[in-house]
Structures are given as C-alpha cells and as structure tokens.
Amino acid sequence: MQWLTLVVLVLVLALLLARIRAPLMNWSVGIGFTLLLLPVFGLTGSGLTIFLWAIFLICMIPLHVNELRLKWLTGPLFNHMKRALPPMSGTERSAMEAGNVWWDAELFQGDPDWKKLLNTPAPSLTDEEEAFLNGPVEELCSMLDDWDITHKRNDLSPETWTFIKSNRFFGMIIPKEYDGLGFSAYAHSQVIQKIASRSVTAAVTVMVPNSLGPAELLMSYGTKEQKDHLLPKLAGGEEVPCFALTGPEAGSDAGAIPDRGIVCKGEYQGKKVLGFLVNWEKRYITLGPVATTLGLAFHAYDPDHLLGEKDDLGITCALVPTDTKGVEIGRRHNPLNSAFLNGPNSGKDVFVPFEWIIGGEEQIGNGWRMLVERLAVGRGISLPSMSCGGGKLASLTTGAYARVRKQFHLPIGKFEGVEEAMARIGGLTYMMDSARTLTLSALDQGERPSVVTAIVKYYLTEGMRQVINDAMDVHGGRGICLGPSNYLGGVYQTIPVGITVEGANILTRTLIIFGQGAMRCHPFVMDEMNALDADDEEEGMERFDALLMKHLAYVTANMARSFIYALSFGWLAPSPVSGPVAGYYRQLCRFSASFAAMADLSLLVLGGALKRKEKLSGRFADALGNMYLCSAVLKRFEDSGHPEAELPLVHWACQNALFNVQEALYGIVRHFPVAMIGWALRALIFPLGRQLHLPSDHIGHQVARIMMQPGATREALVDGIYQPDDPKDIVGRLEHALMLTIQADEVEKRLREAGHQHTPPESHEAWISGLKSDDMISKDEAALLSEAHSAVHEVIMVDDFPAGRKRSR
C-alpha cells in the first residue's frame, strides 16, 4: 500500500510539472523530493538511500553547474552533432523555410493548445462568391458531358472554353485590381470541388491557372510592370498559362533540374540587353499544349561573370511567350484517358531577357524558394478539393444506388458486407472534407503551413483512392462498364493522377511530412542546427547549451505526459469540451505527447540517419497526419453546433484516425533500429498495450443508413457538389429513382406483409395490373410502383455499343 501511495504521489507530481511546462531544475527538484520520500515511507534502507542519492548527485550536479555541463555534456554533444549532421543544401533549406507552422506544431510538440484550434474562424463565402457558385459554376457544370469530353472530343468543347474564359474562372486568385475575381481560398476550393464532381478534365483545366503557376508567382514576386501587363490578361483568359518544372531527369528531385540558362547578351525589342540563353526539356505540363505564357524553371549560370563573381546563380523562374523563337510545344500525353491538356515542351537556344524573369534581375536564383513557398499554399487547395469532390460524388451516388438496387428482395445497402464498404465511403468523405475546410480556414487567416498542406494533399488523395475503390465495389458491373451513363468510371481511371502530381505521394509521406515537420514544428531543432552552423563556435555553443536545457525539460515533460496518459487510458489528459467527443480530445493529447517523445528520441539516437529511414519517417507521418485529420473532424463538429445526427460520422472518422495513430506509433516501436530503445519506447508509450480499435459494426451501420436516407445529415455529407435534379441527367436520374423508391416503400411493405411480392417470370407490369384488379392497390399506388420500378431499371442499366465498334480513343 505504501508503494502504491508513493507511486500515485510521484505521478501527480510529474503530471503537475508536465502541465506547467516546468524547467529542468524543477524536474530535478521533483526527483530529489521523491528520493526524500523513499525512506519516509520505509521503502529503502540507509544503504540503498545513500546509493540512490549518490547516483542522483552525480547526474544532477554536472547538469546544473554551467562549467561542468559545458565541459562534460554540451561540448561533446555539440561536437558530435556538428560532425554527425549532414550539411543542408540550399534547396533543402529553402524547403524547410517555406511557409510557416500552425496547428501541426501544436500536435508535434506534445501539448496541444485547443484554444488555438477552436478559435480559428470557420470558413465562409461572401455574397459575391456564393453568387458565382450558384450562377456561373452551376451553369458550367450543366454544360459538361464527361463522356463527350473524354471519349469523343478528347477536350472541352469550344463553347466550354469560351465560357470558362469569359467568366474569369482562370482569375479566381487574381485580385480585383487586376480584373480577377479575388476569391478566398475557401471559395476557390468550393469552385474546384463542384466542378470536380462533374468532370475531372474541367476541374483540372480551371485548377491549374489558379494553382502553382504564373499568376500565383507574379502576385507574390512579380514586378509592378509584370503584374500590370500580365495579370489582367491571365484573369480574362487572353493568356493561357502553364508552368514547366518537371523534366525527364528531374521529377520529385526538382531541385536537380538539368535545364540550363547561361547569362549572355541578346537582342530584345531592337536592343542589345542582358538575358539568358536557355535550353530545356520538360514533360507532364498541364495546359502546355494550349498555353500562350510558359512559366519556366531553369538553372541559371554566369560563366563569363557578367553579373558578378558567382558561376552558379541557382534556380530561376521566367515567363516565356510560347511563340518565342526556339520554343517547341510538343504533342500531348494521355494521362489515363483523361482529356485535360497535358504534354511536353522544350526550348533550343531561347533568349530570355531579364525582363521576363519573375521579379526581374534581383530575383535571379530565387526560383526554388518561390516554388516551395507557393506550393505550401496551392498544395492545400487544388487536389484536396478534387478529392472531396470525388468523395462526395461517391457518397451521393453509392448511397442512392445501394438503396434502390435490390438483391434477394433487399436493398444491397442493407447487406453487412456492403455496409462495411459504405461506412468507409461516408466516414472517409466526412473526414476528408473536415480536413479540407480546416486547412482552408488557416490559409484564409494568412497561415502558410507547408506541413499541413502536405498532409492534406497526401491523405485526401489517398482517401479518395479508397473511397472510389469502395464505390466501384458496391456498384459492381454498373461501375466498370464505361459509357455516357457511367458517373464513376472516369474518376476511377484518373485517381493515380492526383496521387502523382504536386509531390508524389510516396515521397510526400516518407520524406516531406515528418522530414520537414521534425525541423519546422519542433520548438528547438532548427535553432539548435543554426547554433551548430554559427561562424563563432564559442557563441554557437553557448546558444546550443541554453537550447539544450530547454530541450531536455521539453523531452522530460512529454515522456511524463505520455506515460501517465497511457496508464490512465487517456482519462487524465485534458479536454476542452465535455460530452460524446471529449474522449477523442484526450486521446489526441495522449498521442501528441507520445509522438513528441518518440520523435525526440529518434532524432537523438539516429541523428542524420533518420533522414534515410524512410519507413520510420512514413510511420511518423501517418501518426501526425491522422492526428491532424482527427482534429479537423472535432473542429467541424464544434463549428457545426454539435449536430447529434452527425455523431455516427464523427465517431467513425475519429475512431478510424486514432486507431491509425496508435498503429503508426506501434510500428515505430516494433521496427525501431535500436532494439533496446524500441523496448523502452514500448514501455513508455504502450505500458498497458494497444487499447484502441477500428469503428464498430454498429457505427458503420449508422453511417451506411445516413448515406441511403435523404435528409439534412446526408446533405451535409455531400454539400458543395453539383446535384442536378433533372431525371435525364446521369446523377439526377439516380436521385430521382431514390425518391420514388422511398415513396413506394410503404406500399411495398404493406404488400409484403399481405404475402404479395413480385416473383419472376411474371413481368412487373402484369404483377401491378393484377394487384390493381384485385383492389390490393389504388390507381395512384399502381402508378407510383410502376414509375419507381421504371426509374430503378433505368438507373441499373449499363451502356452497350455495336459489336465491332472502334474505340473513340
């Protein structure tokens, strides 16, 4: 009993110190206080007490006496890390410094401040933005026939191109002073999401000019003359932009692009001026085949020292008219049968005057910084919006199809196997949209969280992959037969495109999310690395020593929180709310502390080698990413006013995300390169084992019911996509059939209870006629049953073509 009392006292003291973020001296005093209590409780004899105090003093005196600490701890550690850490290249440093940190840092550091999250304003639309979505965007969607676009024209129709340009879809991000629409990130995302639910080709066409490209770069880095000249033309579609970065020999390693520009003099507008003679070869350039303004990234060199003493000037970005001599616009790629315009281009001895350099001469060499800074924004809008559009389309159509399609006289959505897939569709879609809107809130508040945007790019495109795969499984043959009535096939075909662009997903997960997060989100690592790089070594060591003491207290607090929260199953962790979701906040606090402690131990033990442990880094990314996704779901629930009807979606998304966090952290423990450290981490992080599970079957059942039942909750799940009410539309006819099926339910139920159920080979029409003749149903009921049956029959039918018909493409 005395041991138990002491353990409780020690845990309470440790939790108190961790909660107040106590400095290291306080922790040392706490340990000393514990040692004093041991003999008081009669738990140690005099010999053991003396031995423990000797160990304590041997450790604490060097730690808290400055001269001894510098000589025995800080100095050796400083010199070891200076040798062990690989030098950071200029491109790596630019990537690390791009954007800023936000909620990701709170989760990374082990003690999230929930006020920072919950006080973030929910995104909203202005009246003008709302009118644009309900007007031009709705009209554009009504014009889009994806089968016609993809399998007949292999392009948008001329009328669609004209409509997009004349309504300034290419100028959503361009300020009104330059004739653009000046939309918020949220409005921009809503537009892309709605179009994506109708046509991937149209969404990509609108997305690219508003993402990383000439307009984005000009607004941030262009000269006044460049902005005044080009931005109005880009906004109105007079100029069609593209951006050429990727080449055959430089994809994910874009910093190693071989395309070269040599400083020289050339003729421009009848005068001899300085510029670059540029040669390049690019591929995968969206809108490249029709672009009139080519954004170009190349490596600049000055071998003749016309600008100064440096030979290598660095990566530089320019805007090149595509009709310039030497520019070669190649043919088209075929990105998985999607019809958006994408292709290669090249340049042979193209003279690029300094006037075409984005930002002018003073921005020569700053191209990589420009790209990674703006990618930190665009990566959080474009593909996440398309992913949510696809997920919501799958949720809408799969829910309706599973309700109207029957087997064994039962809607297929009521089969447990189908319910399981539908639960993933609905739960992941809700989670994806929550993460999208939270990220957009941050962007519209001026944040530029590069790690967060990498998280949503990766996990939302991967989420869409899972959602569409599940939707295809539920639809069966209805999903795989391409044709004018197929609303899923085109989305399914193009999934790998989103997985690949704006940072390939494998590298985003294994290199970027945790690789950048460990540097950017950690409160001390970047400052410690800067201290290691200081020109004045003595001054650098002093800075490093001060940071080290704070760092040690930080690690100690996170280890204490992690262990105590795990021992209490999370119940001792704080929650800013009460009620049905409070436990999820507590588990996030627990896992945040565990993550922070594990990250620090990994950095300490593995050092620069952690950069090459990509499987370990990927698991850290999974933990951080899923903590962010769970946070986003909780934020959405708060912003929505705690709608009880949405709780099944909230429970499914949070339980799924937290289970993924648990498994990611356990994977790190299990596969840690140093076995003894792995065992210690297991005891620290999982002292009582793994306690969380995937969402229950009951919750999955509730999510599936939401998807099949029209109402406010289903509408909230799919809000923001194009939902035509025309029974002749490929999606509209499905919703029409759903409504008729639900209306006919009561009649069919009454007939079943009376023993009347349609059974082949009798035709449905004959069955209805017989029931009507026997006065089992009224004339109106007969009409309803017939109309519902016809509507369902039209929905479940698939397209077919004449035998021997040649493929359109």
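The values are calculated or read from the model by the stated rules, or taken from the named source; none is laboratory data. What you see is a predicted model, and the numbers here were worked out from it, not measured in a lab. Cβ coordinates were reconstructed from backbone atoms using ideal geometry, including for glycine residues, and neighbour counts include every protein chain displayed. Surface accessibility is based on the protein's heavy atoms, side chains included, excluding ligands, DNA and RNA. Shrake-Rupley method; radii C 1.70, N 1.55, O 1.52, S 1.80 Å.
Overview of results
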item: Protection proxy ranking, peptides 433-445, 609-621, average beta carbon neighbours within 10 Å, highest first; result: 433-445, 609-621
item: Karplus-derived HN-Hα couplings along the range 234-246 (A = 6.51, B = -1.76, C = 1.60, θ = phi - 60°), whole Hz, x at Gly and Pro; result: 5, 4, x, x, 5, 10, 9, x, 8, 10, 9, 10, 6
item: Positive minus negative residues near Val795 (Lys, Arg vs Asp, Glu; Cβ under 9 Å); result: +2
item: From phi via Karplus (6.51, -1.76, 1.60), per-residue ³J(HN,Hα) for the range 512-517 in Hz, x at Gly/Pro; result: 8, 4, 7, x, 6, x
item: Spacing of the two label points (7 Å from each Cα toward its C-beta) at His642 and Lys152, in nm; result: 5.4
item: Residue-span extension gain [Lys348 to Glu159] - 0.36 nm each, minus C-alpha spacing; result: 64.5 nm
item: Partner lysines for Lys779 [C-alpha distance under 24 Å; skip if fewer than 8 residues away on the same chain]; result: Lys749
item: Net charge of Cβ neighbours under 15 Å - reference Ser773; Lys, Arg +1; Asp, Glu -1; result: -3
item: Protection-proxy order for peptides 485-498, 737-750, each taking the mean of Cβ atoms within 10 Å per residue, highest first; result: 485-498, 737-750
item: Nearest-10 value in Å² for the accessible area of Glu138, using the 1.4 Å probe; result: 60
item: Cα pair distances exceeding 22 angstrom across the range 585-726, given as percent; result: 49
item: Qualifying trypsin sites (Lys or Arg not before Pro) in the range 171-233, DSSP loop, other Cβ atoms within 10 Å at most 10; result: none
item: Cα-derived Rg over Rh, computed across the chain with Rh taken as Kirkwood radius; result: 1.04
item: Built amide H within the under 5 Å cut-off of Val240, gap 5+; result: Thr292, Thr293
item: Kirkwood hydrodynamic radius (C-alpha pairs) into Stokes-Einstein, the range 295-345, 4 °C and 1.567 mPa s, D in µm²/s; result: 94
item: List Glu762, Glu420, ordered by accessible area with a 1.4 Å probe, largest first; result: Glu420, Glu762
item: Cut-off under 5 Å, modelled amide H: who pairs with Val320 long-range; result: Leu294, Gly295, Leu296
item: Heavy atoms of Asp799 accessible to a 1.4 Å probe, total area in Å² rounded to 10; result: 40
item: Span from the the range 754-791 Cα centroid across to the the range 539-609 one, whole angstrom; result: 66
item: Under the Karplus curve 6.51 cos²θ - 1.76 cosθ + 1.60, θ = phi - 60°, whole-Hz ³J(HN,Hα) for the range 777-794, x wherever Gly or Pro sits; result: 9, 7, 4, 5, 5, 4, 5, 5, 4, 5, 5, 5, 5, 5, 5, 5, 4, 5
item: Accessible area of the chain belonging to carbon and sulfur atoms, whole % at 1.4 Å probe; result: 55
item: Qualifying chymotrypsin sites (Phe, Trp or Tyr not before Pro) in the range 393-466, DSSP loop, other Cβ atoms within 10 Å at most 11; result: Phe408
item: Value in Å of the Kirkwood radius, where the range 323-443 supplies the Cα pairs that are averaged; result: 19.3
item: For the range 667-707 and the range 412-428, distance of Cα centres in Å; result: 23
item: Candidate lysines for bridging to Lys282, where Cα separation is under 23 Å - those fewer than 8 sequence places away on the same chain excluded; result: Lys325, Lys348
item: Per-pair calculated FRET efficiency, R0 = 41 Å: Leu694 and Asp726 via Cβ, rounded to 0.05; result: 0.55
item: Distance (nanometres) between label positions extended 7 Å along Cα→Cβ at Ala546 and Leu336; result: 5.2
item: Average accessible area per residue (Å²) across the chain - probe 1.4 Å, nucleic acids and ligands excluded; result: 43
item: Long pairs among Lys194/Lys457; Lys116/Lys550; Lys194/Lys233; Lys457/Lys611; Lys116/Lys165, criterion Cα-Cα beyond 29 Å; result: Lys116/Lys165
item: Nearby aspartates and glutamates by direct alpha-carbon distance to Lys272 (threshold 14 angstrom, same-chain neighbours under 8 apart not counted); result: Glu355
